[in-house]
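Participant: Here's a structure for you.
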Amino acid sequence: MWKFIHAADIHLDSALHGLERYEGAPVGEIRSATRRAFDNLIELAIDEGVEFVLLVGDLYDGDWKDYNTGLYFVERMGRLREAGIRVFIVAGNHDAASQITKHLRLPDNVTLFSTKHPEQVVLDDLNVAVYGQGFATRAVTDDLSQAYPQGDSQLFNIGLLHTCLEGKPGHEPYAPCSIDGLLSKGYQYWALGHVHKREEVSQDPWIVFPGNIQGRHIRETGPKGCTLVTVDNGDVIKVEHRDLDVMRWSLCELDVSASETVNDIYERVRVGLQSALDSAEGRPVAVRLVMQGFCPAHSALHADREHWVQEYRALATGLGGAGIWLEKISIKTKSLISVGEALERDDALSGLLLAVRDMELDASALDELANEVSTLRQKLPAELLGGADPYDPANPEVLKETLEDIKELLVNRLLSTEKGA
């Protein structure tokens, strides 16, 4: 019986997006998160006594800023060498041969597969054949799997492939292939990379995306890590996920429809944030808080929106100290006040409500408004405009969403004023 580790999408020294601009975020810990997660991978490999480690693409996050990234990786490979652990690597789109201009000689326990054609490495001591081909350029649109050789019936066959498979939302369509095509090769295990969410595509034979080892932004929520595989007499007898991440991202969506007061909402937020903190299992967690629903406390919440945003941030700090941050707060509640009843009246208020309700932006109006906010866009920081969750005030969808927020706020204020008169 023996074991191996399958990991992918390491993105060494990749910046985590969405936290550094918030007060109190531990910038140093955030910037080192991918390295610390990779350290956990090295420790797991040694502790489990695995025979080898598979790194299936996007080891790096593009070209190195300096040689420190390479030196770090070589040193960690040296640790595995001392433990007698081999490493097999294929390049992905982020570390394609055309992108990495710097390189360092790797220890002799590391095999980096060709980017020109599939290669085979046979491990005689285990009766194992490992096959792989890396990306020669960033955008590989051919089905690389077609050129992989048929599996040897006398060996345990493992294929390494960085691929979108048959297409995955949010991922570039690189090296597409079919499940049937992979099955036809006769391999016992397909180690895939590129998709950052763990998925067991097939169990007979095994086709697995392990996900990335560290979430880097709010679209990569939940536990992240690698897959530990146990083989006995040529059969896979256990496939298990192992957490490696050192911090988590969490989407906390709360339906506050039943909340009568802002204090009720505050309590719902407290419970939601505590749940997110608990689910991180002792790790720091970055939370996107989203409140929604038709809410009796809607008017009071929006009347002093900035105050409550700061209250929720203070609440997070009080709950977890340096262990929890609010990456973003989105208040999407709706009013329970009847707009229809007010519109039936023949007065100035109903006329204004009608105008607000019927506000729409056609294509020409969107273009005109986008031009007007272009100056504002130029004054925004680059990190706000870029990254995995960018904010662009000139984007038509953003403009439409902003208009809906304005309409909701105006209607709510007008009706609230009328009610209190």
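Participant: Among the listed pairs Lys65/Lys116; Lys116/Lys185; Lys3/Lys197; Lys224/Lys334; Lys238/Lys328, give every one whose C-alpha distance is greater than 29 Å.
Facilitator: The pairs that break the limit, which is 29 Å between Cα atoms, are Lys224/Lys334; Lys238/Lys328.
Participant: Translational diffusion coefficient of segment 59-189 at 37 °C, 0.692 mPa s, Stokes-Einstein with Kirkwood Rh over Cα pairs, in µm²/s as a whole number. The partial results should precede the final answer.
Facilitator: Details: Rh = 15.9 Å.
Calculated translational D: 207 µm²/s.
Participant: Remind me, what semi-axes does segment 51-110 give for its equivalent ellipsoid, largest first in whole Å, using sqrt of 5 times each Cα gyration tensor eigenvalue? Mind showing how you got there, number by number?
Facilitator: Working: eigenvalues 83, 37, 12 Å².
Semi-axes (√(5λ), whole Å): 20, 14, 8.
Participant: Right, next: Lys and Arg at +1, Asp and Glu at -1: add these up for the other residues within a Cβ distance under 15 Å of Thr227 and post the number. All intermediate terms of the calculation are to be shown ahead of the outcome.
Facilitator: On the way: positive: Lys3, Lys197, Arg198, Lys224, Lys238, Arg242; negative: Asp9, Glu48, Glu51, Glu199, Glu200, Glu240, Asp243, Asp245.
Summing Lys/Arg as +1 and Asp/Glu as -1 gives -2.
Participant: Another question, then. Once the convex hull of the C-alpha atoms of segment 123-257 is built, how many Å³ does it hold per residue, rounded to a whole number?
Facilitator: Details: hull volume 20.0 nm³, N = 135.
Looking at segment 123-257, the number lands at 148 Å³ per residue.
Participant: Based on the Cβ-Cβ distance of Lys400 and Lys334, what FRET efficiency does E = 1/(1 + (r/R0)^6) give at R0 = 22 Å, to the nearest 0.05?
Facilitator: Details: r = 17 Å, r/R0 = 0.76.
Once rounded, the FRET efficiency stands at 0.85.
Participant: Note down the relative contact order for segment 62-184 as a percent, whole number, built from C-alpha pairs under 8 angstrom at least six residues apart.
Facilitator: Working: 207 pairs, mean separation 27.1, N = 123.
So the answer I get is 22 percent.
Participant: Taking the beta-carbon count within 10 Å as an exposure proxy, list Asp13, Asp143, Asp47 from fewest neighbours to most. Walk me through the intermediate numbers first.
Facilitator: On the way: Asp13 21, Asp143 15, Asp47 9.
Ordered from fewest to most neighbouring Cβ atoms within 10 Å, Asp13, Asp143, Asp47 come out as Asp47, Asp143, Asp13.
Participant: Please report the spacing between the Cα centers of segment 209-259 and segment 92-153 in Å, no decimals.
Facilitator: Centre-to-centre distance over Cα atoms comes out at 25 Å.
Participant: Now a separate question. Taking the Cβ of each residue in His6, His162 as the centre, tally the other Cβ atoms inside 10 Å and list the residues starting with the fewest.
Facilitator: Working: His6 25, His162 29.
Fewest-to-most Cβ neighbours within 10 Å comes out as His6, His162.
Participant: In segment 108-215, which GluC sites (Glu not before Pro) fall in coil by DSSP and have 16 or fewer other Cβ atoms within 10 Å? Can you show the working numbers first?
Facilitator: On the way: sites: Glu119, Glu166, Glu199, Glu200; in loops: Glu166.
When the GluC sites (Glu not before Pro) of segment 108-215 are filtered for loop state and at most 16 Cβ neighbours within 10 Å, Glu166 remain.
Participant: Would you mind ranking Met1, Met291 by Cβ crowding within 10 Å, fewest neighbours first? Could the numbers behind the result be given before it?
Facilitator: Details: Met1 8, Met291 24.
By the 10 Å Cβ count, ascending, the order reads Met1, Met291.
Participant: What percentage of all Cα-Cα pairs in segment 118-191 are separated by more than 16 Å?
Facilitator: Working: 1282 of 2701 pairs.
Tail of the P(r) past 16 Å holds 47 percent of the pairs.
Laboratory data are not the source of any read-out in this text; all were calculated from the coordinates shown. Here the structure is a predicted model, which means the values were calculated and not measured. Neighbour counts run over all protein chains shown; Cβ positions are idealised from the backbone, glycine included.
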